[in-house]
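Student: Just dropping this structure here.
The values are calculated or read from the model by the stated rules, or taken from the named source; none is laboratory data. Given the structure is predicted, the values throughout are model-derived calculations rather than measurements. FYI the Cβ positions are ideal-geometry reconstructions off the backbone, even for glycines, and counts take in every protein chain you see. All accessible areas refer to the heavy atoms of the entire protein, side chains included, with ligands and DNA or RNA removed. Shrake-Rupley method; radii C 1.70, N 1.55, O 1.52, S 1.80 Å.
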Amino acid sequence: MNFIYLSPHFPPNYYQFCVNLQHLGVTVLGLADEPYDLLNPALKAALTEYYKVSNMHNYDEMLRGVGYFTHRYGKIDRMDSMNEYWLETEAQLRTDFNIPGLKIGDMPRIKRKSLMKQTFIKAGVAVARGKVVHTLAEARRLAKNLGYPLVAKPDIGVGAAKTYKIHNPQELEQFFEQKPPVDYIMEEFIQGTICSFDGLTDRDGKAVFYTAHQYSQGIMETVNNDQLVYYYSLRDIPADLEEAGFKALRAFDVRERFFHFEFFRTVEDNRIIALEVNMRPPGGMTTDMFNFANDIDVYREWANIIVYNRFTADYNRKYHCAYIGRKFNRSYAHTHEQILGAFGQKIVHYEPISGVFSAALGDFGYLARSPDLEEIYAMAAYIHELA
């Protein structure tokens, strides 16, 4: 089997996907703009060959890279990056080289929030009211119908980048004066907490692994207000969240892929409302959280799905696993050494966070696990406590 992995060096923990493919005898071919000498040694060892381009945004270069690998190794069986940023690039390359997986024609329904909304509605999952608006007049009519506050976000966008909360007519006018030249969807503001339904499907679309996470606050608030964030896995998935998650899985026909579906749980009436879908693993260190929460190796199991269409691990959500982020622009009550001393082996991992993710996740992250959710809350409070 020939597998091209785009940008195998980023995020840093994803090199393990390549390592586990190589362990199963796959010819793993790396394609990226990172100098070869800077690659993780374990990643280098896993790659049969690496093709460096000067710019991954230059599609002609990417095309030549895949062409080179095809000429040298024969037909390419699979391609991925596990990265939302390169989703369309992957899809175009799969289309041009007839590689199985998501093609360019699949992109609108999984990239445009407006089309996601339509798919959720057809699946019977509630959504926030709203639509794409092109003019101030359209937005005013929508505001009259929905009321303030409103949320404006790019119809195609990753995370909370360039997302705005609009409180009144004056802010609406200001938004249109400075709006970037892309389509924006405007929706009612949902007062609630964010939860996610995450996992991995096999080639037949069966969820061979799934879990759920709860967030301390929304990513929009975290980024726009420079807040601290933590989130944690659930040992027991609420029935309404699981139902909505499986409806979305069927509607979006997720096959041989990780998925990350985001929902609101409303404060007022405890309902589940769909936010968006992502056809990739949840970001940051969440794949490592999968492993620590369940004592499994999801990197190995993903490789098993790719090669054999088998998921071999047993899992029963033994622990809650939390990501707890710190930002360097704060003064904290407890040092790193005090954190490790206070919680010992319950802190299962820690590392600096890449600048790309730091606005949302912080500059330094801890993974903590416990079977007791109250202990997770206590650890998050201790790590976040300010001096």
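Student: Would you mind checking the pairs Lys153/Lys247; Lys144/Lys179; Lys131/Lys179; Lys111/Lys247; Lys247/Lys318 and listing those with alpha carbons more than 23 angstrom apart?
Tutor: Those over the limit are Lys153/Lys247; Lys247/Lys318.
Student: With every protein chain present, what accessible area does Tyr85 have (1.4 Å probe, heavy atoms only), rounded to the nearest 10 Å²?
Tutor: Tyr85 exposes around 130 Å² with every protein chain in place.
Student: Carbon and sulfur: what percent of the range 43-146's accessible surface (1.4 Å probe)?
Tutor: So the carbon and sulfur contribution to the accessible surface is 51 percent.
Student: Quick one: which residues, 5 or more positions from Tyr184 or on another chain, have an amide H under 5 Å from its amide H? H modelled 1.01 Å from N in the peptide plane, none for Pro or chain starts.
Tutor: It is Val133, Asp155, by chain and number.
Student: So if I place +1 on the C-beta of Lys and Arg and -1 on the C-beta of Asp and Glu, and nothing else carries charge, what would the dipole magnitude of the chain be about its Cα centre? I want it in debye, nearest 20.
Tutor: With Lys and Arg at +1 and Asp and Glu at -1, about 820 debye.
Student: What does the charge count near Ile306 come to, summing +1 for each Lys or Arg and -1 for each Asp or Glu among other residues with Cβ under 13 Å from its Cβ?
Tutor: On the way: positive: Arg78, Arg203, Arg255, Arg257, Arg300, Arg310; negative: Asp77, Asp80, Asp202, Glu256, Glu301.
With Lys, Arg at +1 and Asp, Glu at -1, the neighbours total +1.
Student: Hey, another quick one. If you build a Gaussian network model of the chain, linking Cα atoms that sit under 10 Å apart, which residue out of Phe290, Phe258, Phe328 swings the most?
Tutor: Taking springs between Cα atoms under 10 Å, the residue moving most is Phe328.
Student: Okay, next question. For Thr95, what charge total do you get from the other residues with a beta carbon under 13 Å from its beta carbon, if Lys and Arg give +1 and Asp and Glu give -1?
Tutor: -2
Student: Another question, if that's okay. Of the trypsin sites (Lys or Arg not before Pro) in the range 259-311, which ones lie in a loop per DSSP and count no more than 16 other C-beta atoms within 10 Å?
Tutor: In loop regions of the range 259-311 (DSSP not H, G, I, E or B), the sparsely surrounded trypsin sites (Lys or Arg not before Pro) are Arg271, Arg310.
Student: Let me have the 222 nm mean residue ellipticity of the chain computed from DSSP H runs of 4+ only, each contributing -39500 (n - 2.57), with the sum over all residues rounded to the nearest 500.
Tutor: Value at 222 nm, helices only, nearest 500: -11000 deg cm²/dmol.
Student: With the dipole of the range 107-171 worked out from charges on the C-beta (+1 for Lys and Arg, -1 for Asp and Glu) around the Cα centre, which of Ala152, Ile166, Gln118 lies farthest toward the positive end?
Tutor: Result: Gln118.
Student: Test of the criteria: in the range 120-198, which trypsin sites (Lys or Arg not before Pro) are in a DSSP loop and have at most 16 other Cβ atoms within 10 angstrom of their Cβ?
Tutor: Details: sites: Lys122, Arg129, Lys131, Arg140, Arg141, Lys144, Lys162, Lys165; in loops: Arg129, Lys162.
Sites meeting the loop and neighbour criteria: Arg129, Lys162.
Student: Which residue fluctuates most in the GNM of the chain (Cα springs below 10 Å): Thr95, Thr70, Thr335?
Tutor: Thr335
Student: Using alpha carbon centroids, what distance separates the range 351-387 and the range 9-36, in Å?
Tutor: Result: 28 Å between the Cα centres.
Student: Residue by residue through the range 338-354, what is 3J(HN,Hα) from phi via Karplus (6.51 cos²θ - 1.76 cosθ + 1.60, θ = phi - 60°)? Round to whole Hz and write x for glycine and proline.
Tutor: 5, 4, 5, x, 6, 10, x, 6, 6, 8, 8, 6, 7, 5, x, 10, 4
Student: Right, here's the next one. May I ask you to compute the full-extension gain from Ile104 to Asp253, defined as 0.36 nm times their residue separation minus their alpha-carbon distance, rounded to one decimal in nm?
Tutor: On the way: separation 149, 0.36 × 149 = 53.64 nm, distance 1.53 nm.
Length gained between Ile104 and Asp253: 52.1 nm.
Student: What aspartates and glutamates does Lys122 reach when the alpha-carbon gap must be under 16 Å and sequence neighbours fewer than 8 apart in one chain are set aside?
Tutor: Cross-link targets: Glu243, Asp253, Glu276.
Student: From the phi angles alone, apply the Karplus equation (6.51, -1.76, 1.60; θ = phi - 60°) to the range 81-92 and give each ³J(HN,Hα) in whole Hz, x where the residue is Gly or Pro.
Tutor: 10, 6, 10, 4, 4, 9, 4, 6, 4, 4, 4, 5
Student: Sticking with this structure for a sec: Charges at C-beta only: +1 for Lys and Arg, -1 for Asp and Glu. How large is the resulting dipole of the range 1-142 about its Cα centre, in Debye rounded to 20?
Tutor: My answer is approximately 980 debye.
Student: Running a GNM on the chain with Cα contacts under 10 Å, which residue among Ala239, Ala368, Ala139 ends up with the highest mean-square fluctuation?
Tutor: Ranking Ala239, Ala368, Ala139 by mean-square fluctuation puts Ala239 first.
Student: Could you pull out the GluC sites (Glu not before Pro) across the range 340-387 that fall in loop regions by DSSP (anything but H, G, I, E, B) with no more than 15 other Cβ atoms inside 10 Å?
Tutor: Glu385
Student: Within the set of other residues whose C-beta is less than 11 Å from the C-beta of Tyr14, count the net charge using Lys and Arg as +1 and Asp and Glu as -1.
Tutor: Local charge sum for Tyr14: -1.
Student: For the chain, with every protein chain kept in place, what is the accessible area per residue (1.4 Å probe, Å²)?
Tutor: Counting only protein heavy atoms, the per-residue value for the chain is 44 Å².
Student: Can you run phi through the Karplus equation (6.51, -1.76, 1.60; θ = phi - 60°) for the range 171-176 and list ³J(HN,Hα) in whole Hz, with x for Gly and Pro?
Tutor: Each residue's phi maps through the Karplus curve to give 5, 5, 5, 4, 4, 6 Hz.
Student: Roughly how many Å² of Trp86 are accessible to a 1.4 Å probe, to the nearest 10?
Tutor: Estimated to the nearest 10 Å², Trp86 gives 30 Å².
Student: If amide H atoms are built 1.01 Å from N in the plane of the peptide, which residues on other chains or at least 5 residues away come under 5 Å of the amide H of His349?
Tutor: The list, which skips near neighbours in sequence, is Leu367.
Student: Tally the DSSP beta bridges in the chain and give the antiparallel ones as a percent, rounded to 5.
Tutor: 80 percent
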